[in-house]
1. What number of residues in region 65-123 are in contact (Cβ under 8 Å) with a residue 60 or more places away in the chain and either surrounded by fewer than 19 Cβ atoms within 10 Å (Cβ to Cβ) or not hydroxyl-bearing (S, T, Y) (or both)?
2. For P142, state whether it is out of contact with any Leu (no Cβ under 6 Å at 6 or more places or on another chain) and in a loop (DSSP other than H, G, I, E, B).
3. Restricting attention to region 290-343, which residues are free of Cβ contacts under 8 Å to residues at least 60 places away in the same chain, closer than 20 Å to G250 by Cα and of a type in the set (D, E, K, R)?
4. Quick check: is even one residue across region 25-42 within 25 Å of D118 (Cβ to Cβ), outside any helix (DSSP H, G or I) and charged (D, E, K, R)?
5. Kindly provide the set of residues from region 126-141 that are farther than 29 Å from D71 by Cβ and surrounded by fewer than 22 Cβ atoms within 10 Å (Cβ to Cβ), ordered by number.
6. Considering L56, L107, which residue is under 27 Å from V234 (Cβ atoms) and assigned to a strand (DSSP E or B)?
7. Can you say whether E220 is at pLDDT 95 or above and farther than 27 Å from M348 by Cβ, as far as the supplied structure shows?
8. Can you run down the residue pairs with Cβ atoms below 8 Å, 6 or more apart or on separate chains, where the first is in region 147-166 and among the basic types (K, R) and the partner is not in a loop (DSSP other than H, G, I, E, B)?
Amino acid sequence: MDTKVEFLYLNEKDMIKAGVLDAGRCVDTVGEVMALLSVGDYLMGGRAHNDHGMQLIFPKKSGIVGFPKEDSRDRRFMAMPAYLGGRFHMAGEKWYGSNGRNSERGLPRSILMVTLNDVETGQPLAYMSANLLSAMRTGAMPGLAAEYLAPPEAKVLGMIGAGVVNKTSLMAIMAKIKTVEVLKIKGSSPASKTAHELAEFAKAKYPQLKEITVCADLREVVEGTDILCEGVSVEPRKWPVIDPAWIKKGCLIISSGTLGVDYGYTRDHVTKVVDNLGMYEEYINVYQEYDEEGNKLQMGIPGMDYANMILAGEIDRKEVQHLGAIVRGIEPGRTSDDEVIMISLGGMPILDVGWGHECYVKALKEGIGTKLKLWDTPYMV
């Protein structure tokens, strides 16, 4: 009986060799993942199997000397376990720590790792650097949304936010929408370093772009735009707010972070799409905030708005479409050139397992990475 257990360690350079930056292939993979979600061939954490993940959130104050505190933006740890079925048939978990002060040390805000496990034995198969993996699978979802929901011959792409999420979103959208000729970018300010860096990246990588503009304000990036891609992470109630009057007929609005759009306009005039409605219903249980009179506040996440509209009886559950069902062809997606579609994307560990699986399989085939031994024979059984 062979009791030896080995797993494959993949550092960031190994992951690049294994194709983690292949945006088009990543979009195709997350499309498969969303189709599996649509038929229920997956599990995530929590009693409803739809939790985004479990966080360690530090207190703002502590009387214990040296105890970690929430004293910088996004300081937390998070575990995101999942099982993904179909041809993947693999369990895994993304684990990361995050601290807004990391930039002072020349480090990313979050440092991420993914573990992949055999579903039958539980033994580890791979332990991989996941900053690029997570960034690419996050950006791939807007690419998938654009592939299935963008208006015909979409020419103008607007980006709200100029960080990693929208950089990989740009890569994914450009891999799938070949008609885009104009790119508009709204950073934190007209002088935003990241906005100008994203513009230079786009200029070098996509010569088909005839015009690239760093916008002065939100109105400039929204008006006349065919695909509007939001990817910002900000403090509560400081998210960008869009005036419905700015929105072009037929626009596809993709929200991967936090975005404010008038509740009534969204309810009455927008085709509503999500990656996973059940996840936003769980968000309400965990994250929903209220005003002093006990009324629910908008949380800047369109999917939560949709779930709250259903709970309030304002819309029927069937009015919210699922991207996976659209991929499978059982929900219509776009039905007219003029309809405004808004899709809410929350990020799920099944995406990490799916894209991690693809990189792992390629690494095995091409001899990439380092095999590490857990044991030849377990000391205790």
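The values are calculated or read from the model by the stated rules, or taken from the named source; none is laboratory data. Since the structure is predicted, the reported quantities are computational estimates derived from the model, not experimental observations. Positions of Cβ are backbone-derived with ideal geometry, glycine not excepted, and every protein chain shown enters the neighbour counts.
1. Selection size over region 65-123: 15.
2. no
3. E319, E331, listed by residue number.
4. yes
5. Y127, the sole residue that qualifies.
6. L56
7. Against the criterion (at pLDDT 95 or above and farther than 27 Å from M348 by Cβ), E220 qualifies.
8. Final answer for the pair search is K155/V182.
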